[in-house]
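Note sheet for the following structure.
What follows is calculated from the coordinates using simple rules that are stated; it is not laboratory data. Values in this document were obtained by computation on a predicted structure and should not be read as measured data. Every residue, glycine as well, gets a Cβ built from its backbone with ideal geometry; the counts of neighbours run over all protein chains shown.
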Amino acid sequence: MSWLSIVGIGEDGLAGLGDAAKAAISGATHVFGGARHLELAASAIKGEPHPWQSPFSASIDAVLALRGHAVCVLASGDPFHYGVGATLARHVDASQLQVYPHPSSFSLAAARLGWPLQEVVSLSLHGRPLDLVRPHLHPGARILALTSDEHGPAQLAALLTEAGFGISIITVLEALGGPEETVRSHVAMRFALDGINPLNICAISVVALPGARVLPLTPGLDDALFEHDGQITKREIRALTLATLAPRRGETLWDIGAGSGSIAIEWMLADPSLKAIAIEADAERAARIARNATSFGVPDLAVIAGTAPGALAGLEPPHAIFIGGGGSDPGVLDAAIAALRPGGRLVANAVTLELEAMLLARHADLGGSLTRLAVDRADTIGSMTAWRPAMPIVQWAWSKS
């Protein structure tokens, strides 16, 4: 039987709720929610109110400790759209839940603007890095971004301006659905709105200036987009390497000898569910990887400054491994093969004869596939043009049974 009710509530409070949702609140012996939610529903609460604690996990534990009692949790808007419902559902079976959704901030914003929600990028930047918006900055895109507080809109405007999207329009929608609802628009590069309500969502109509940092959707991004010192898997080889790594939803990659972090970054750009760990022995390069991750909108890339195989100890087991630099160091290939999950993929690129010899031996022993990759680029020689070959790559790809 359901013991836990989750009620989505808006800025219009009880007036925006149906009878069943109101009954769930009044019939609960314990009601959890933010201070604002508890105030909005105060006249219907008959049981004991519990404001959210810090850390938030303590409140989740308190809810679960009351299993079997009549418990109600108040949430903003739709509890299962970037809401507490998703957190609780990881601990409570759906058969024990009774959920009463309310229109989310995204739905209300789309309704105010006349934007088809299925054509809009919806992001929650509440308590998360604003850089997550960067991969979605494409000319003509429409983005709805939920912010953390009253400073979020100005910070978004600054990010857009820095990335070359300064003439984009930011519409700030505040306290949607309540008596203090406000909708105001401004150009990003001249953003000067003040007195912004902490409860806001930003609608961005993306317009790119010449030279804007647009991140294409295909693998093999331009090398010039990355900060690097020459230690980078070049774009053509990178595109082929990512195709061989074949990222799948929810997987984790180890990028060993990450250099500029280009493989790990493009792995994470392939899907928001993907994770990566970049292992780099050089501290300066490790710092550079972190900067690249931020500028590409994947700030959650984990960077380990250390030398493999020692630096691999204790890391989350990977579904895929790429070995670029340091693959010929003692123990690296063995440690990578041992750590790889069953069914996982390992791809190693060799430039040096030493690593190439090791990959040939592993191929003879374990199988997999060997591919020799060579790229020639047209270059000027005097007054004429000729092909200039890049260093060839030997690639070993292997799947663990």
* Two-decimal log10 I(q)/I(0) for the chain, as the Debye equation yields it once each C-alpha is a single scatterer, q = 0.08, 0.10, 0.12 Å⁻¹ -> -0.57, -0.82, -1.02
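In debye, nearest 20: dipole of the chain around its Cα centre with unit charges on the Cβ of K, R (+) and D, E (-)?
Taking the Cα centre of the chain as origin, the dipole is about 600 debye.
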* Once you've got the GNM for the chain with C-alpha springs shorter than 10 Å, pick whichever of THR171, THR371, THR233 has the biggest mean-square fluctuation. => THR371
* Structure fact -> Computed for the range 75-168: size of charge dipole around the Cα centre, +1 on C-beta of each Lys and Arg, -1 on C-beta of each Asp and Glu, debye to nearest 20, value 120
* Dipole of the chain, positive direction: furthest Cα of PRO317, PRO389, LEU64, with charges on the beta-carbon -> PRO389
* Where a Cα-Cα gap under 18 Å defines reach, which lysines qualify for LYS22, not counting those fewer than 8 residues away within the same chain? -> LYS46
* **Net length gained if the chain between ASP300 and ALA224 were fully extended (0.36 nm per residue, minus Cα distance)** => 25.2 nm
* Asked: So, how do all the Cα-to-Cα distances of the range 262-401 break down into 10 Å bins, in percent, from 0 on up?
  -> 11, 35, 34, 15, 4, 0
* To do: Pop a pseudo-label 7 angstrom from the Cα along the beta-carbon direction at both ALA338 and GLU236 and give the gap in nm to one decimal.
  => 3.8
* **Which of LEU373, LEU333, GLY343, positive extreme of dipole for the range 320-374 (C-beta unit charges)** => GLY343
* Asked: Using a Förster distance of 56 Å, how high is the FRET efficiency between GLN155 and HIS363, based on the Cβ-Cβ distance and rounded to 0.05?
  -> 0.65
* Relative to the compact globular guide of 2.2 N^0.38 Å, what is the alpha carbon radius of gyration of the range 126-285, as a ratio? -> 1.21
* Structure fact -> Residues other than GLU354 with Cβ under 15 Å of its Cβ, Lys/Arg counted +1 and Asp/Glu -1, net out at -1
* Structure fact -> So for the range 244-314, using the alpha carbon gyration tensor with a ≥ b ≥ c as root eigenvalues (a/c under 1.5 gives rounded; past that, a/b versus b/c decides prolate or oblate), I'd call it oblate
* Structure fact -> Loop-resident trypsin sites (Lys or Arg not before Pro) in the range 259-350 with no more than 11 other Cβ atoms inside 10 Å, DSSP not H/G/I/E/B, are none
* Asked: At 222 nm, what helix-only mean residue ellipticity would the chain give, in deg cm²/dmol to the nearest 500, using -39500 (n - 2.57) for each DSSP H run of four or more?
  -> -7500 deg cm²/dmol
* Structure fact -> Any lysines whose Cα falls less than 29 Å from that of LYS275, other than same-chain ones fewer than 8 residues away, would be LYS234, LYS400
* Structure fact -> Whole-Å distance linking the alpha carbon centroid of the range 30-80 with that of the range 230-267 is 43
